[in-house]
Amino acid sequence: MTEQRAPKGVFAAVATPIKTDCRPDLPRFLNHCRWLLANGCDGLAPLGTTGEGNSLGMTDRRAILDSMADNGLPMGRVIAGTGSASIADAVEISKVALDAGVNGLLMLPPFYYKNPSEDGLFNFFAAIAERIAEHSPRIFLYHFPQISAVPFTVPLTARLREAFPGVFVGLKDSGGDFKTTRAFVEAFPGFEAFSGAETFAARNLEIGGWGCISATVNLAAPIVAKRLSEKEPGRKAEIDQQINELRNAISSVHNIGGSKGALSIYRSDPDWKRVIPPNTEISDKCAKELASELNRIANLESYFKP
């Protein structure tokens, strides 16, 4: 590991540009990562939900991680999605990520079989932790029950942390209820808990959490970073309103298709709209309308100019 703790602040759940053959477009991906780091992001979280990680095969996931390391991106600021319903696949891609020097691994629960017992979930993650132990992993649990249908709980996390000290170090909470994030932060002092929405980033930092890992940060990174550095209370409230409006506008379309659609307008690059089925692209008209609305809220296009 290059660092023992993840940076606090703003992480983008990095969108993955896709070629016509449903493979990742690595040059576009790397350029976007560099833009995010230059425009307010403290770190990157590739291969998650927004990055369509579970729609990519192991070869393509490996290619993304290797390309990041080979092209000088700061891997100590990367938390890579390595979750899978298969123990073998999760172990394989986790080893690739750890060899590339990532700070941490973001892992979904096994999501195919519903209503697993706590013992079953414990055994699943214990099997992964044991198989990658020699790589000194730092695992972030990915709580997103709306998608995975399998929640993480404080008692399960306590069991994992007791059995594997220093391994299960954090959480991404995309459940949408800040009470959940708070419960984990209060249960485990120093726990690196990220909110899945930038609307909670400042509150999370205030209670001792780590900030946010968010889909809409692909566009709103400069505004969220500005909010976290702002000192004047009135200005904080004004930026909070902008952040809420930006997130609502993007989410009303679709976090993945909407983010990519707006990026295609701001970058004058229609290939950015492409997604992997079963996700669907938004129309050109919708992309233009969304980009126009985001400009009205916060003039986002100004951050994409050369």
- prompt: Going by the conditions given, is residue 84 among the polar types (S, T, N, Q), open to solvent by less than 60 Å² (accessible area, probe 1.4 Å) and more than 20 Å from residue 256 (Cβ to Cβ)?
  reply: no
query: Do we have residue 186 as within 22 Å of residue 136 (Cβ to Cβ) and either modelled with pLDDT under 95 or of a type outside the set (Phe, Trp, Tyr) (or both) here?
result: no
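With 207, 213, 223 as the choices, which residue is farther than 15 Å from residue 6 by Cα and either crowded, with 17+ Cβ neighbours inside 10 Å or at pLDDT below 95 (or both)? I'd like the intermediate steps shown before the answer.
Values: 207 fails: either crowded, with 17+ Cβ neighbours inside 10 Å or at pLDDT below 95 (or both); 213 fails: farther than 15 Å from residue 6 by Cα.
None of the other options fit; the residue is 223.
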- prompt: For segment 249-263, how many residues are open to solvent by less than 10 Å² (accessible area, probe 1.4 Å) and small (Gly, Ala, Ser)?
  reply: 5
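Going through segment 48-95 one residue at a time, which ones are closer than 18 Å to residue 192 by Cβ and either out of contact with any strand residue (DSSP E or B) (no Cβ under 6 Å at 6 or more places or on another chain) or among the aliphatic types (A, V, I, L, M) (or both)?
Step one: list which residues in segment 48-95 are closer than 18 Å to residue 192 by Cβ, which gives 48, 74-83, 94.
The answer is 74, 75, 76, 78, 79, 80.
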task: May I ask you to list the residues in segment 253-279 that are among the polar types (S, T, N, Q) and modelled with pLDDT of 95 or more?
output: 259, 264, 268, 279
query: Taking interchain pairs and intrachain pairs at least six residues apart, which have beta carbon atoms under 8 angstrom, with the first residue in segment 20-39 and without any contact (Cβ under 8 Å) to a residue 60 or more places away in the chain and the second among the small types (Gly, Ala, Ser)?
result: 24/63; 26/63; 26/67; 29/67; 30/67
- prompt: What are the residues in segment 153-173 that are open to solvent by 10 Å² or more (accessible area, probe 1.4 Å) and over 19 Å from residue 103 (Cβ atoms), if any?
  reply: 153, 154, 155, 158, 159, 162, 163
task: Would you mind telling me which numbered condition in (1) among the β-branched types (Val, Ile, Thr); (2) over 16 Å from the mean Cα position of the chain (by Cα); (3) open to solvent by 10 Å² or more (accessible area, probe 1.4 Å) residue 243 fails?
output: (3)
- request: Could you grab me the full set of residues in segment 276-306 that are among the hydrophobic types (A, V, I, L, M, F, W, C) and out of contact with any Cys (no Cβ under 6 Å at 6 or more places or on another chain)?
  value: 282, 286, 287, 290, 291, 294, 297, 298, 300, 304
task: Spot the failing condition for residue 132; the list is (1) open to solvent by less than 60 Å² (accessible area, probe 1.4 Å); (2) within 17 Å of the chain's Cα centre (by Cα); (3) among the β-branched types (Val, Ile, Thr), and only one is missed.
output: (2)
task: Name the single residue, out of those in segment 23-37 being open to solvent by 10 Å² or more (accessible area, probe 1.4 Å) and part of a helix (DSSP H, G or I), that is nearest to residue 60 (Cα to Cα).
output: 26
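Every residue, every condition in (1) closer than 18 Å to residue 96 by Cα; (2) in contact with a His (Cβ under 8 Å, 6 or more places away or on another chain); (3) touching a residue at least 40 places away in the same chain (Cβ under 8 Å), yes or no:
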site	(1), (2), (3)
42	no, no, yes
48	yes, no, yes
56	yes, no, yes
61	yes, no, no
70	yes, no, no
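The values are calculated or read from the model by the stated rules, or taken from the named source; none is laboratory data. Remember, predicted model here, so these are calculated numbers, not experimental data. Counting neighbours? That spans all protein chains shown, and the Cβs are built from the backbone with ideal geometry, glycine included. Heads up: the accessible areas ignore ligands, DNA and RNA and are worked out on the full protein's heavy atoms, side chains in. Shrake-Rupley method; radii C 1.70, N 1.55, O 1.52, S 1.80 Å.
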